[in-house]
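The values are calculated or read from the model by the stated rules, or taken from the named source; none is laboratory data. What you see is a predicted model; the values in this text were computed from it and never measured. All Cβ positions, glycine included, derive from the backbone under ideal geometry; neighbour counts span all protein chains shown. All accessible areas refer to the heavy atoms of the entire protein, side chains included, with ligands and DNA or RNA removed. Shrake-Rupley method; radii C 1.70, N 1.55, O 1.52, S 1.80 Å.
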Amino acid sequence: MAFLIQVVTSFVSSLGFGIIVNAPRRVLIHCGVTGMVGWMVNWYLLLIGYNTYISVFAGSVAVSICAIMFARKLRMPTTVFNLPGIFPLVPGISAYQAIQSFVSAEYIRGVELLMKTFTISMTMAFAIVMIEVFYRLVMRILNGELNKKAS
């Protein structure tokens, strides 16, 4: 039952965020699937004992790969899928708890939570950029562009 709840809520949240950021109607289902895949990778890795950073990194990699696949298939920019897809992984609760700690004068806890939020966010960004760069490099190699420039 928990699996079904995770699948449905991650799909709906990504689809909903796709609506908010004005993704084209014809790609909204793909936005939902992208977010669902990323969240399920993250959730599964957390479930089997990996730490938050590794699971968020793997989930972000999954989001980026799905975004590239859907972007090629539907001839859209990857951002159309990356933005809603990454939404379920955003560390909103730790950001909220950090602000709450600062308001409650628990500054040490606030700084800890703020650093956690920041590092998770940077992990997500790094994963997306890494996959994009890797994909472009592979495509250049497959298209023979690197060999042509070396000659």
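Here the relative contact order of the chain, from alpha carbon pairs under 8 Å that lie six or more residues apart, stands at 22 percent. Surface calculation, 1.4 Å probe, protein heavy atoms: MET40 sits at approximately 30 Å² accessible. Note that the stretch 84-93 has calculated 3J(HN,Hα) couplings of x, x, 7, 3, x, 8, 4, x, x, 5 Hz, one per residue in order, obtained from phi through the Karplus relation 6.51 cos²θ - 1.76 cosθ + 1.60 (θ = phi - 60°); glycine and proline are x.
Taking θ as phi - 60° and the Karplus parameters 6.51, -1.76 and 1.60, the scalar couplings of the stretch 47-59 work out to 5, 8, x, 6, 6, 4, 5, 5, 5, 5, 4, 5, x Hz in sequence order, x denoting glycine and proline. Assuming charge only on the beta carbon of Lys and Arg (+1) and of Asp and Glu (-1), the dipole of the stretch 1-145 about its Cα centre is about 500 debye to the nearest 20. Here the stretch 64-140 is assigned +1 on the Cβ of each Lys and Arg and -1 on the Cβ of each Asp and Glu. Its dipole about the Cα centre then comes out at about 500 debye. Rolling a 1.4 Å probe over the protein heavy atoms leaves ARG72 with an accessible area of roughly 140 Å². Estimated purely from DSSP H runs of n ≥ 4, each contributing -39500 (n - 2.57), the mean residue ellipticity at 222 nm for the chain is -27500 deg cm²/dmol once divided by its residues.
Given contacts defined as C-alpha pairs under 8 Å and at least six residues apart, what's the relative contact order of the stretch 41-105, whole-number percent?
Working: 38 pairs, mean separation 15.8, N = 65.
So the answer I get is 24 percent.
Remark: the stretch 22-151 carries 61 Å² of accessible area per residue (probe radius 1.4 Å; ligands, DNA and RNA excluded). Match the structure shown to one of the listed values (i) 1.04; (ii) 0.95; (iii) 1.07 of Rg/Rh (Cα atoms, Kirkwood Rh), computed from it, and give that label. After the calculation, the listed value that fits is (iii). The angle separating the long axis of helix 107-142 from the principal Cα axis of greatest extent in the chain is about 10 degrees. Residue by residue, the stretch 24-30 carries 3J(HN,Hα) couplings of x, 4, 5, 10, 4, 4, 5 Hz when phi is fed to the Karplus relation 6.51 cos²θ - 1.76 cosθ + 1.60 (θ = phi - 60°); x denotes Gly or Pro.
Compare GLY38, GLY18, GLY49 in a GNM of the chain, Cα atoms joined below 10 Å, and give the one with the largest fluctuation. Sorting by GNM fluctuation, first place goes to GLY49.
At a 1.4 Å probe, what is the % contribution of carbon and sulfur to the accessible area of the stretch 43-87?
69 percent
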